[in-house]
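Here the structure is laid out as structure tokens; the discussion comes afterwards.
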Amino acid sequence: METDMLELTRLPSHLNLTIAGNTVTSKFDLIIPCCNPPEGWVGQMTKDFRELQGLMPGTEIRLILVNDGSVRNMHTALLQELALRIPGVRIIDHPVNRGKGYACRLGVAVSDASYIVCTDFDFPFGVEAVKRAFEQLLEGADVVAGARGSQYVAMLPPARKMITRVNRLMNRWLLQLPVSDAQAGLKAFNSRGRMEFLSTRIDGFLYDSEFVKRAGRNKTLNIRSIPISCRPDIQFSDFRSTVLLREFVNFMGLLVKR
């Protein structure tokens, strides 16, 4: 297999994220963080990406995949295969797992597009949701957040269902966020929203809430939400107690900074 098809950017384990410049071009970058994906992920990601391209034939879409310190199913041969299947893909290889928030910031930091959409590697809300989020940006939104409804909560295992309900209540009544569901894994923004996104500091899952909070405090930004639904075959993982403790500390940090 030809190795010159693979554009692989290897980064040091610690990196200060800054924007090289404020000039952006008119294209749509899709940022996908990824850590220890399941077997067969290259084929599924290729299928989803091509489906998205089929829905948006007049739009140039570049995939930016961020490997967040994976220890399995992310070797060079698989990345080469992805580069062959999706021409123009940019792969950011970070050797140490820092968390979803940090991985998303890496992808956003290297993007030079006027519009950016972030979603999870398995497209849990389908490709149509990505299209609708991008369309909201074209219609004048600076930040777009996906909002999962009651269907999502009903699908969750009991423990995650409780965690999600508590988190939504805390976001609404304590942080007073401008959208009903800050933690959905679908965010879109233009260059103005990008500045707020890269100003976040949380490396874990609560980077979403931090971003929405920062964006909401910027009264010049047009923030919108769109309803999204989970794929029926979506797989939910359990949160480890260490992750829950870390995110609770992050939440208290957000609350103190009000």
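The values are calculated or read from the model by the stated rules, or taken from the named source; none is laboratory data. The structure displayed is predicted, hence computed values, not measured ones. Quick reminder, even Gly has a Cβ in these numbers, built from the backbone with ideal geometry, and neighbours come from all protein chains shown. Areas reflect the complete protein model, heavy atoms only, side chains present, ligands, DNA and RNA absent. Shrake-Rupley method; radii C 1.70, N 1.55, O 1.52, S 1.80 Å.
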Selection from region 37-47 of residues within 14 Å of Gly126 (Cβ to Cβ) and crowded, with 18+ Cβ neighbours inside 10 Å yields Met45
Would you check if Glu247 is at pLDDT 95 or above and either among the acidic types (Asp, Glu) or in contact with a Pro (Cβ under 8 Å, 6 or more places away or on another chain) (or both)?
no
Any residue in region 119-142 that is open to solvent by 40 Å² or more (accessible area, probe 1.4 Å), at pLDDT below 95 and within 22 Å of Asp68 (Cα to Cα)?
yes
Right, Ser229: modelled with pLDDT under 90 and either of a type in the set (S, T, N, Q) or surrounded by 21 or more Cβ atoms within 10 Å (Cβ to Cβ) (or both) or not?
no
Answer from Ala188, Ala184 - the residue that is closer than 24 Å to Arg246 by Cα and open to solvent by less than 50 Å² (accessible area, probe 1.4 Å):
Ala184
Is there a residue being surrounded by 15 or more Cβ atoms within 10 Å (Cβ to Cβ) and touching a His at 6+ places or on another chain (Cβ under 8 Å) anywhere in region 88-98?
no
Any idea which residue in region 48-85 is least open to solvent (accessible area, probe 1.4 Å), counting only those that are among the charged types (D, E, K, R) and over 17 Å from the mean Cα position of the chain (by Cα)?
Glu81
So is Asn67 assigned to a strand (DSSP E or B) and in contact (Cβ under 8 Å) with a residue 24 or more places away in the chain or not?
yes
Could you please find all residues in region 74-96 being more than 29 Å from Leu137 (Cα to Cα), of a type outside the set (A, V, I, L, M) and at pLDDT 95 or above?
Gln80, Glu81
Kindly indicate the residue of region 206-226 that is surrounded by 19 or more Cβ atoms within 10 Å (Cβ to Cβ) and assigned to a loop (DSSP other than H, G, I, E, B) and also modelled with the highest pLDDT among those meeting that condition.
Leu221
